[in-house]
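A quick write-up on the structure given underneath.
The values are calculated or read from the model by the stated rules, or taken from the named source; none is laboratory data. Just so you know, these numbers come straight off a predicted model, no measurement behind them. Cβ atoms come from the backbone with ideal geometry, glycine included; neighbour counts cover every protein chain shown.
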Amino acid sequence: MTLSKKDLMSEEEFTLLKELINKEFGIQLKGDKRLTFHTKVSHRLNILGLKSYRDYYEFIISDSSREELFTLASHITNNETYFFREKMQLEVFSNLLKGIKKERLKKNQHILKILSLACSSGEEAYTLNILVQESGLFMWDWDIRIIGIDIDKNALKKAKGASYTKNSFRLNGNIDIVNKYFTAEGDRYNLRKIFTKNVAFRHGNLLDINSFTDINDIDVVFCRNVLIYMNDSAISRIIKNLYNSLTDSGYLFIGSAESLIQRTGLFSPEYNNGIIVYRKNQHRHCEGQSPEAISRRDSSLRSE
Amino acid sequence: MQEIQEILNKLKDNNWWVRKNTIENLLAYPEDSYLSILEEWLRNGDDALLRNAAMEAFSTLGEKAVRSLILLLKDEDPDVRIFAANVLGDIGNAEALSSLIPALADPDVNVKIASAEALGKIGSEKAVTALAKLIGDTTWVTMAAIEAIGEIGGDNALSVLHKCLEKEEYHGMTFAAIEKAGTHHFIRHLTPFVDKETGLRELALKAIVAIADREGTKPMPSYFTSLIPLLIDLQHSARPEFKKAAFIALCWSEDMRGFQYFIEALNDEELQEYAINGLFSLGKRAVPGIIDALKKEGANRVILAKVLSMLGENSALLRFAGDDDAEVRTEVALAIGNLKTPKATEILLLLEQDAIDEVRAAAQLSLRNKKDTGKLA
Ligand SMILES: C[S@@+](CC[C@H](N)C(=O)[O-])C[C@H]1O[C@@H](n2cnc3c(N)ncnc32)[C@H](O)[C@@H]1O
């Protein structure tokens, strides 16, 4: 039995949809992935009662609420995530907390602000919350705020529910983590209430500056495993948004397979126990800055 | 002039971002005002900083620098000539052809190689005959020539490459070149190499798969039948490029022995597309395995559910109505709509109350369809 791609979707239809996603969300679908696309999206045509992907495209662009555009994006993206992903990075994060607290105290502030961008179903945001609480550094009168942002409304719904299954872990038989932070209920693991407080989720597109409304003065941004799917201009836009949301002494973590080296004058890499953490180059605004201003803190890039 | 000098000085900054911006600023000025200065910097072999700055500038200036670079291709310093050839290749402007072809006879080996590579990048068939003359020169030069011919492609290139296959010492590089230039008509010349138990099997297989994949002309499944043990062996190869080629061939083979590899590859963005095809090509034979896989941790359950539904295995999907993934539940809701059993209706009524809008919408649609077909009957 063989499957004919062109019976499912013409090349032209695929290009239309692919370019739409690329333009709106920065997501690049490389190569001819019509089958994959079809397996992820065909149910939308059924639900909407549409006959072809061409009709689907027309439907999306004539939908002024942009709901369907977001639905499409949420289906074609990879939502894979799990608790305690990339332990080495998380260790570095935990080690940075002391210094972050010091910076805040210098300013007489008792607030800690963290972003988990492209948070999918929330495992990363909650992991960070667990680590912050376990550090014991931010007790009593500290205001801890961890915000997760994603384009996928269904993933966010799951995040808010804080109820997971074994798919949200890579336990390899070690269930200590689960016992410590979750209560088991059948095949579900519900995150203990104490670890869900401080965490909020919102719907947004990382390319869109409006998604960052009221988000500023952030201490740490996690933006992992999403830039790999993006085109260059989208990455630049996202980097600007991250730059503007971080506090001057803030930290940016991206996925270990991703790199900003020689991509931006806004951030410099810093090595911490073999892990790269990005720091802001100090100049006030990311637009219209003079190259000289950047160079003052940017010299570490030269060696790359 | 003063202004230009100031801008040029910034090219020596130790920060790449500053240099990058500076070059962009330069573009606003007429090239006559700065190119000769950059040429001089480039010739100044004693000052590495100046030379690097000039190289970086030339590489970014692109078209504007072509004339200068053509001149530099005749510079007395071979390093400058090599650099000029490299950048001309990167720019890819055909204007450089008539200077690069003679440079294939340069007394310096590295200039020859750089010129061959540049011609490969420019990709004009006019260069093939000149490049073919280099085959038989030193190994490095021959290698560069064959590679360039592969980059250029076309009938003439392919007949040169076909000849190269006769010589054992050229095999490795020639297969790589054929992989780029080959058309499906050429596959028959490669098949004998796959059939033989030699170290060339992998290279030939990789070339065949690359050509067929690019042209959308995959060989018949039976073409691969005798190769299945090799293809499976290569799934453990340390060379990712062989592993990938063998995987694609396995997907085209419609052979059940590939099943477990298809399932694993559903989580690999690069292989997913082939794996879906491979799974689907197995048809009903794959169904029990897919159901098993759906129950396992880490499987790509959305795609698996969809493949089941595309295979018409709607009742098999019933048991996944409680899946944690909303997309799987949506697929279930849509697929079981045409099952006439009370169980299916019962599950649809449950899914109609799901927390996720899309699942509810799918269940409602199926229930509505059920009613309509019920009425018709
Ligand atoms: C692979 S997950 C990463 C989850 C988590 N950060 C981690 O590393 O485990 C990628 C997520 O990026 C989201 N995403 C993709 N493009 C986005 C965009 N333009 N704006 C916001 N989220 C986006 C997807 O919806 C998906 O949930």
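Against the condition within 16 Å of the ligand (Cβ to nearest atom), under 22 Å from the mean Cα position of the chain (by Cα) and surrounded by fewer than 14 Cβ atoms within 10 Å (Cβ to Cβ), how does A:LYS30 come out, does it pass?
On the way: within 16 Å of the ligand (Cβ to nearest atom): yes; under 22 Å from the mean Cα position of the chain (by Cα): yes; surrounded by fewer than 14 Cβ atoms within 10 Å (Cβ to Cβ): yes.
Here the answer is yes, as A:LYS30 does meet what is asked.
Do any residues in segment B:354-370 that are within 10 Å of another protein chain (Cβ to nearest Cβ) have Cβ atoms under 6 Å from those of residues that are polar (S, T, N, Q), where the two are at least six apart or on different chains, and which pairs are they?
Within 6 Å, the pairs are B:ILE356/A:ASN154; B:GLU358/B:THR330; B:VAL359/B:THR330; B:ALA362/B:THR330.
Mind checking which helices (runs of 4 or more DSSP H) fall wholly inside segment B:82-152 and carry at least 3 residues that are in contact with a Phe, Trp or Tyr (Cβ under 9 Å, 6 or more places away or on another chain), among the aliphatic types (A, V, I, L, M) and in contact (Cβ under 8 Å) with a residue 24 or more places away in the chain?
Values: elements: B:97-103, B:109-122, B:128-132, B:139-152.
The qualifying helices (runs of 4 or more DSSP H) are B:109-122.
How many residues are buried (at least 22 other Cβ atoms within 10 Å of the Cβ) and more than 30 Å from A:LYS153 (Cβ to Cβ) when one looks only at segment A:89-129?
Number of matching residues: 1.
Collect the residues in segment A:111-143 that are in contact with a His (Cβ under 9 Å, 6 or more places away or on another chain) and modelled with pLDDT of 95 or more, keeping them in residue-number order.
Result: A:PHE138, A:TRP142, A:ASP143.
Just give me the residues in segment B:318-346 being among the aliphatic types (A, V, I, L, M) and either part of a helix (DSSP H, G or I) or within 40 Å of the chain's Cα centre (by Cα) (or both), in sequence order.
Within segment B:318-346, B:LEU318, B:ALA321, B:ALA326, B:VAL328, B:VAL332, B:ALA333, B:LEU334, B:ALA335, B:ILE336, B:ALA344 qualify.
Taking B:LEU158 as the residue in question, decide whether it is among the hydrophobic types (A, V, I, L, M, F, W, C), in contact with a helix residue (DSSP H, G or I) (Cβ under 9 Å, 6 or more places away or on another chain) and modelled with pLDDT under 95.
no
For segment B:301-317, which positions are in a loop (DSSP other than H, G, I, E, B), more than 9 Å from chain A (Cβ to nearest Cβ) and not acidic (Asp, Glu)? Reasoning before the result, please.
Start the filter on segment B:301-317 by keeping residues that are in a loop (DSSP other than H, G, I, E, B), which leaves B:311-313.
Within this subset, residues satisfying the condition of being more than 9 Å from chain A (Cβ to nearest Cβ) are B:312-313.
Hit for segment B:301-317 is B:GLY312, nothing else.
So, of the residues in segment A:147-178 that are within 17 Å of A:VAL226 (Cα to Cα) and touching a Gly at 6+ places or on another chain (Cβ under 6 Å), which turns out to be farthest from the other protein chains (Cβ to nearest Cβ)?
Among residues in segment A:147-178 that are within 17 Å of A:VAL226 (Cα to Cα) and touching a Gly at 6+ places or on another chain (Cβ under 6 Å), the one farthest from the other protein chains (Cβ to nearest Cβ) is A:ILE149.
Would you pick out the residues in segment B:261-273 that are in a helix (DSSP H, G or I) and either at the interface with chain A (Cβ under 9 Å from one of its Cβ atoms) or touching a Phe, Trp or Tyr at 6+ places or on another chain (Cβ under 6 Å) (or both)?
B:GLN272, B:GLU273
Restricting attention to segment B:199-220, and to residues there that are over 15 Å from B:ARG188 (Cα atoms) and without any contact (Cβ under 8 Å) to a residue 12 or more places away in the chain, which single residue is nearest to the chain's Cα centre (by Cα)?
B:ARG214
For the condition part of a helix (DSSP H, G or I), within 14 Å of chain A (Cβ to nearest Cβ) and among the small types (Gly, Ala, Ser), what is the one hit in B:GLY283, B:GLY258, B:GLY289?
Numbers: B:GLY258 fails: within 14 Å of chain A (Cβ to nearest Cβ); B:GLY289 fails: within 14 Å of chain A (Cβ to nearest Cβ).
None of the others qualify; the one that does is B:GLY283.
Please name all residue pairs, on different chains or six or more residues apart, with Cβ atoms under 6 Å, provided the first residue is in segment A:113-126 and is on the phi < 0 side of the Ramachandran plot and the second residue is in a helix (DSSP H, G or I) and near the ligand (Cβ under 7 Å from one of its atoms).
Listed by first residue and then by second, the contacts come to A:SER116/A:GLU124; A:SER121/A:ALA155.
Which is in contact (Cβ under 8 Å) with a residue 12 or more places away in the chain and more than 30 Å from B:THR373 (Cβ to Cβ), of B:ALA316, B:ALA245, B:ALA305?
Answer to the check: B:ALA245.
Filter segment A:153-202 down to the residues that are among the small types (Gly, Ala, Ser) and without any contact (Cβ under 8 Å) to a residue 24 or more places away in the chain and list them by number.
Looking only at segment A:153-202, we keep the residues that are among the small types (Gly, Ala, Ser), and these are A:155, A:159, A:161-163, A:168, A:173, A:184, A:186, A:200.
Matches in segment A:153-202: A:GLY161, A:GLY173, A:ALA184, A:GLY186.
Can you pull out the residues in segment A:193-221 that are over 25 Å from A:GLU24 (Cα atoms) and touching a helix residue (DSSP H, G or I) at 6+ places or on another chain (Cβ under 6 Å)?
Hits for segment A:193-221 are A:PHE195, A:ASN198, A:VAL199, A:ILE218, A:ASP219.
Considering only residues that are part of a helix (DSSP H, G or I) and within 16 Å of the ligand (Cβ to nearest atom), which ones fall in segment A:96-136?
A:GLU123, A:GLU124, A:ALA125, A:TYR126, A:THR127, A:LEU128, A:ASN129, A:ILE130, A:LEU131
Give the number of residues within segment A:201-237 that are away from the ligand (no atom under 12 Å from the Cβ), part of a loop (DSSP other than H, G, I, E, B) and within 14 Å of chain B (Cβ to nearest Cβ).
Adding up the residues that qualify gives 0.
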